[in-house]
Amino acid sequence: MFKKIMIANRGEIAIRVIRACHELGAAAIAIFSEADRQSRHVSSADEAWLLDGQPGKVYLDIPQIVDIAKKAGAEAIHPGYGFLAENADFARAVADAGMVFIGPAPEVIHKMGSKVESRRIMEAAGVPIVPGTTDPINDLETLKTLANKFGYPVAIKASAGGGGRGLRVVQKESELEAALAGAQREGASYFGNAEVYLEKYLEKPRHIEVQIIGDKHGNVVHLRERDCSSQRRHQKLLEETPAPALDDKVRQKAFDAAVLAGKSIGYFSAGTVEGMVAGGDYYFLEMNTRVQVEHPITEMVTGIDIVKEQIRVAFGEKLSFTQDDVQPRGHAIECRINAEDPFKNFMPSPGTVRRYEEPSMPWVRVDSACYTGYQVLPFYDSLLAKLVVWGRDREEAIVRTKLALKSFKIEGLSTTIPFHLQLLEDEAYKNGTLYTTYVEKELKARLKAPTAVAAPAVVSSETNGSSQVKLERTASRNFEIEVNQKHFKVSVAELVPEGGLEVARSVVASKSGSAGASAGARSMSRTASRPQSAQVSTPNSGVAKSINGELRSAMHGVVKQILVKEGEAVTDGQKLLILESMKMESEVLSDRNGQVDKISVKPGETVESDQLLLSVK
């Protein structure tokens with residue numbers, strides 16, 4: 001077995017791999033950006049090396065990572081998921097440096113990394129694929145012709161894309177041009193490849209994926225399926241295994257297709273064959289040549305440690321089990337706890353975690369790098385924790401998941417915990433009929449934000465005969481400020497009347513006839529009403545806020561594209577620019593008819609919360 005393994009990643013997956021290394025008796029080497037200096041994966045490793053450069057880019061710096069691995073004496077590198085996990089050049093660079101890449105062969109990564117090439121290979125192997133092209137498309141006219149051939153709606157996809165990035169769904173011809181540009185832009189930005197292709201967009205499909213693992217001795221087995229149909233922006237929110245209400249014949253088609261796919265390309269290591277189920281048919285979607293975010297639910301029901309198996313396979317060992325040994329037991333659900341506000345279109349919510357307490361129950365597993373005081377940084381994705389719950393059957397797993405969610409305490413920023421609780425109560429989810437766009441098309445409109453509970457402490461009171469106003473603190477908001485070149489963390493809470501603004505007004509009214517109307521009560525009234533003057537613009541769902549025609553960013557992010565020019569006439573709801581934060585793109589829309597007065601930012605510029613983007617008059 002390897003004596004020393006580097007983990008070329010960060011956060012919870014780095015911690016997960018470190019633990020597997022330690023179980024196998026291998027020392028674990030961590031790498032970290034300057035922003036990640038206090039991260040748990042750094043303290044969990046046997047040694048840690050600082051990456052030099054911008055926090056958002058250093059985990060993609062192949063020469064630097066390989067050089068550190070050589071200096072540290074690593075025999076192998078595990079890429080985790082994301083970043084360089086599916087980068088064939090990285091896998092090749094690791095091998096060229098005399099180390100082992102814990103993953104499949106570089107040529108396999110390259111073939112499966114191109115959605116166009118993978119579709120071509122799978123079709124030739126006899127694996128069913130979604131109707132569409134197996135060649136890239138570069139011009140609008142060709143796109144129009146093919147879209148008319150397959151019929152709307154269609155999906156334009158970045159060939160190197162994944163996780164919903166570089167994907168645009170088009171309902172009619174007039175949307176094609178913008179969709180093509182968006183898919184190409186995201187493909188180039190996230191994956192260094194602007195190539196796109198076209199697929200028929202399946203109506204109300206389920207996302208069913210199959211975990212496979214192979215060794216270097218020709219063995220490929222499947223670890224059964226996962227249902228990942230609960231998504232927003234084509235990125236997963238909740239996964240479970242086994243897939244509910246799935247026809248056994250379709251399930252077997254998925255198993256057979258996954259194993260055939262693996263064997264046809266000589267696959268070794270862990271991988272996932274993702275597919276779509278629509279109308280009783282199964283279609284190959286793509287292959288992820290890495291460990292998946294949702295791998296823990298498969299581990300929970302099969303008892304097989306996928307990460308340890310990856311490492312053993314990379315070392316040259318045969319799989320420690322056969323297909324007949326894969327005997328799943330029970331049901332498992334994973335909730336991705338993200339730093340997002342589900343009641344503002346899942347807007348990213350970077351900030352400081354003021355309280356973090358994981359549920360402690362015998363049937364719960366939490367994979368996380370989070371802790372009280374943890375900084376959720378805008379450079380990386382929004383995942384805080386993966387809550388994984390097991391039950392003897394699906395009904396028990398759902399009940400247990402709800403109990404675990406209710407005892408999971410994360411404060412200081414918005415999370416998806418309230419969303420998951422409402423999803424688990426939804427009839428479509430409980431019936432197993434949920435489809436990939438259900439959350440956005442149907443459930444989102446029914447989501448109800450939980451009522452904020454103010455702290456019970458009474459700060460002061462004002463008395464006028466029998467009338468009394470008690471003040472209490474609202475939920476705190478956290479800021480970082482700089483004074484005389486020193487940084488301070490500040491927590492701010494407003495004092496408001498217990499019972500709300502109307503209580504204060506009624507008391508002030510009762511005192512208005514006398515000279516004794518207190519300044520305190522007047523102050524309370526002004527404080528409680530102040531936020532109404534700066535409401536978030538409705539069309540932008542929390543992405544930007546508009547005050548008197550000025551559109552300001554509501555979050556830290558990067559300007560990806562500006563879609564208008566100064567002096568241009570715009571209409572209410574028109575797209576003005578695109579912001580990216582925590583690996584998610586959001587459109588900033590005009591909230592009025594008017595003319596672009598001034599554009600205050602440029603593409604590629606990093607903006608802070610409340611920074612002026614542009615103005616419309």
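The values are calculated or read from the model by the stated rules, or taken from the named source; none is laboratory data. Source: prediction; values computed, not measured. As a convention, Cβ positions derive from the backbone with ideal geometry for all residues, glycine included, and neighbour counts pool all protein chains shown.
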Of the conditions (1) in a helix (DSSP H, G or I); (2) surrounded by 20 or more Cβ atoms within 10 Å (Cβ to Cβ), PHE343 clears all except one; give me its number. (2)
Filter result for ALA385 (hydrophobic (A, V, I, L, M, F, W, C) and in contact with a Cys (Cβ under 6 Å, 6 or more places away or on another chain)): yes
Boolean, ARG355 is under 24 Å from THR302 (Cβ atoms), modelled with pLDDT of 95 or more and of a type in the set (Lys, Arg): no
Just the residues that are part of a loop (DSSP other than H, G, I, E, B) and over 22 Å from ASP281 (Cβ atoms), please, taken from segment 246-270. ILE265, GLY266, TYR267, PHE268
For segment 271-292, give me each residue that is surrounded by fewer than 24 Cβ atoms within 10 Å (Cβ to Cβ) and not in a strand (DSSP E or B). GLY279, GLY280, GLN292
Mind counting the residues in segment 298-312 that are crowded, with 22+ Cβ neighbours inside 10 Å and among the polar types (S, T, N, Q)? 2
Wholly within segment 351-446, which strands (runs of 3 or more DSSP E) include no fewer than the required count, namely at least 1 residues that are in contact (Cβ under 8 Å) with a residue 40 or more places away in the chain and surrounded by fewer than 16 Cβ atoms within 10 Å (Cβ to Cβ)? 355-357, 409-411
Screening LYS172, LYS216, LYS149 for residues that are in contact with a helix residue (DSSP H, G or I) (Cβ under 7 Å, 6 or more places away or on another chain) and charged (D, E, K, R) leaves only LYS216
What's the number of the only condition in (1) outside any strand (DSSP E or B); (2) of a type outside the set (A, V, I, L, M, F, W, C); (3) in contact (Cβ under 8 Å) with a residue 40 or more places away in the chain that SER174 fails to meet? (3)
Name the single residue that is farthest from the chain's Cα centre (by Cα) among those in segment 195-217 being buried (at least 20 other Cβ atoms within 10 Å of the Cβ) and closer than 21 Å to PRO106 by Cα. ASP215
Of these, ALA147, ALA243, which one is at pLDDT 90 or above, part of a helix (DSSP H, G or I) and surrounded by 19 or more Cβ atoms within 10 Å (Cβ to Cβ)? ALA147
Expected output for segment 51-65 (first residue exposed (fewer than 15 other Cβ atoms within 10 Å of the Cβ), partner part of a loop (DSSP other than H, G, I, E, B) and of a type in the set (D, E, K, R), Cβ below 8 Å, 6+ apart or cross-chain) is GLY53/ASP61
For ALA369, are the conditions met, namely being farther than 22 Å from LYS344 by Cβ and within 16 Å of the chain's Cα centre (by Cα)? yes
Go through (1) closer than 28 Å to ARG392 by Cβ; (2) over 20 Å from the mean Cα position of the chain (by Cα); (3) buried (at least 24 other Cβ atoms within 10 Å of the Cβ); (4) of a type in the set (Gly, Ala, Ser) and name the single condition SER230 misses. (2)
Restricting attention to segment 47-68, which residues are more than 18 Å from PRO378 (Cβ to Cβ) and among the β-branched types (Val, Ile, Thr)? ILE62, ILE65, VAL66, ILE68
Subset of segment 129-144 [in a strand (DSSP E or B), within 15 Å of ARG168 (Cβ to Cβ) and among the aliphatic types (A, V, I, L, M)]: ILE137
Tell me, please, whether a residue that is surrounded by 21 or more Cβ atoms within 10 Å (Cβ to Cβ), modelled with pLDDT under 95, of a type in the set (S, T, N, Q) and touching a Lys or Arg at 6+ places or on another chain (Cβ under 9 Å) can be found in segment 155-163. yes
Is there any pair linking a residue in segment 137-157 that is within 11 Å of LEU176 (Cα to Cα) to one that is among the charged types (D, E, K, R) and surrounded by 15 or more Cβ atoms within 10 Å (Cβ to Cβ), with Cβ under 8 Å and at least six apart or on different chains, and which? VAL154/GLU199; VAL154/LYS200; ALA155/ARG168; ALA155/GLU199; ALA155/LYS200; ILE156/ARG168
Given segment 69-128, what helices (runs of 4 or more DSSP H) lie entirely inside it while holding 1 or more residues that are out of contact with any strand residue (DSSP E or B) (no Cβ under 8 Å at 6 or more places or on another chain) and either outside the structural domain of ARG19 (by TED's automatic domain parsing) or surrounded by 24 or more Cβ atoms within 10 Å (Cβ to Cβ) (or both)? 106-113, 115-125
Suppose the filter is surrounded by 22 or more Cβ atoms within 10 Å (Cβ to Cβ), small (Gly, Ala, Ser) and over 15 Å from ALA369 (Cα atoms); does ALA28 pass it? yes
Pairs with Cβ under 7 Å, 6+ apart, first in segment 74-93 and more than 13 Å from GLY113 (Cα to Cα) and modelled with pLDDT of 95 or more, second surrounded by 22 or more Cβ atoms within 10 Å (Cβ to Cβ) and basic (Lys, Arg): PRO79/ARG290; TYR81/ARG290
